[in-house]
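Report on the structure given below.
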């Protein structure tokens, strides 16, 4: 008996689709697995480090509360003359205060109230239980007299134009500084005084006199800023000095060395020494120095 032949059915379009893509090679799968493993390991390390930092911060905040760390000493670093003894009344720290109880920002603001202080940085040192204070001070180069209701007081003047009460300076050194005049002081909101302009060129001039021409620096008593242009653009700008050798010495606001050399040569003349103090010395006309002798009394 012959069975009837089975009819071959046509394939469905779902069956006749393209064969699946070729499987990835073993080497490629191993490489992707290594990259994924390194990424997971990096994330795990970052999580561990973050947790460690959080725990260390929490321990630092709470451990010192459980185990007090009293302040042992104050370490001062400054570019001026202030000392720990001079700053102690302004720090207002109670004895044996804990390091973590010190408000560093409030302490910094109290120190900035000192007119002599320009910049302050305060940090805790847990190794030796100390408080480190780093200061930058104003450097005075001259003095100014301030007339107030209580009388006349003498202030120091910095190159920035700021006038302040100096602390810790040697009295003899302060008395050697010349006075500034001819420009009024301006009072700020914080009760500080300022000339309203920078005095860097005046500071440079006096510095050169002090270092290179000490005999001229010793003669200077007053510097007048009445005809001084801070911008250095006015043609009438000049610097006037009152010295022991002359009642008025006029400088052009440039080429200090040339004018100081001519003045040094002039002050060494014997016939002029007999006429001190001279009435006027004008150094603005180049090599031709104009000198006015004192008037003779009848």
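Between 40, 99, 206, which gets the highest mean-square fluctuation from a Gaussian network model of the chain, Cα cutoff 10 Å?
Its mean-square fluctuation being the largest, the pick is 40.
Please identify, among 238, 145, 29, the residue showing maximal mean-square fluctuation in a Gaussian network model of the chain using a 10 angstrom Cα cutoff.
In the Gaussian network model the winner is 29.
Mind computing the radius of gyration and Dmax over the alpha-carbon atoms of segment 140-292? Å is fine for both.
16.1, 53
Given q = 0.14 Å⁻¹, what are the Debye log10 I(q)/I(0) values for the chain, with equal point scatterers placed on the Cα positions and solvent ignored?
Reported log10 I(q)/I(0), two decimals: -1.10.
Just the number, please: percent antiparallel of the DSSP beta bridges in segment 227-298, rounded to the nearest 5. Display every interim value, and only then the final one.
Values: 6 of 9 bridges.
Counting only bridges with both partners in segment 227-298, antiparallel ones make up about 65 percent.
Can you give the alpha-carbon Rg of segment 34-139 over 2.2 N^0.38 Å, where N counts its residues?
Details: Rg = 19.9 Å, N = 106, 2.2 N^0.38 = 12.9 Å.
Dividing the Cα radius of gyration by 2.2 N^0.38 Å gives 1.54.
Using Cα springs under 10 Å in a Gaussian network model of the chain, which residue among 28, 210, 57 shows the largest mean-square fluctuation?
Greatest mean-square fluctuation among the candidates belongs to 28.
Normalized C-alpha radius of gyration of segment 70-111, against 2.2 N^0.38 Å?
Details: Rg = 10.7 Å, N = 42, 2.2 N^0.38 = 9.1 Å.
So segment 70-111 has a normalised radius of gyration of 1.17.
Grab the DSSP H runs of the chain that are 4 residues or longer, score each as -39,500 (n - 2.57), total them, divide by all residues and round the 222 nm result to the nearest 500 deg cm²/dmol. Present the calculation step by step, with values, prior to reporting the outcome.
On the way: 8 runs with 96 residues, N = 298.
So the helix-based figure for the chain works out to -10000 deg cm²/dmol.
Restricting to Cα pairs below 8 Å that are 6+ residues apart, what does the relative contact order work out to for the chain? Please round to a whole percent. Display every interim value, and only then the final one.
Values: 379 pairs, mean separation 27.2, N = 298.
Result for the chain is 9 percent.
Applying 1/(1 + (r/R0)^6) with R0 = 51 Å to the Cβ-Cβ distance of residue 136 and residue 41, what FRET efficiency is obtained, to the nearest 0.05? Don't skip to the answer; put the middle values down first.
On the way: r = 47 Å, r/R0 = 0.93.
With R0 = 51 Å, the Cβ-Cβ based efficiency is 0.60.
With the cut-off at 1.5 for a/c, could you classify segment 219-266 from its C-alpha gyration tensor as rounded, prolate or oblate? Mind dumping the intermediate values first?
Details: a/c = 2.78, a/b = 1.38, b/c = 2.02.
It comes out oblate by the Cα gyration axes.
Could you work out the relative contact order of segment 73-137, using alpha carbon pairs under 8 angstrom and six or more residues apart, expressed as a whole percent?
Across segment 73-137, relative contact order equals 45 percent.
Taking every pair of alpha-carbon atoms in segment 141-191, what share in percent sits in each 5 Å bin, from 0 to the bin with the longest distance?
4, 17, 32, 26, 15, 5, 0
Since every read-out is calculated from the coordinates, none of them should be taken as a lab result. Owing to the predicted nature of the structure, the values given are computational and were not obtained by experimental measurement. Glycine gets a Cβ as well: all are built from the backbone with ideal geometry, and neighbour counts include every protein chain shown.
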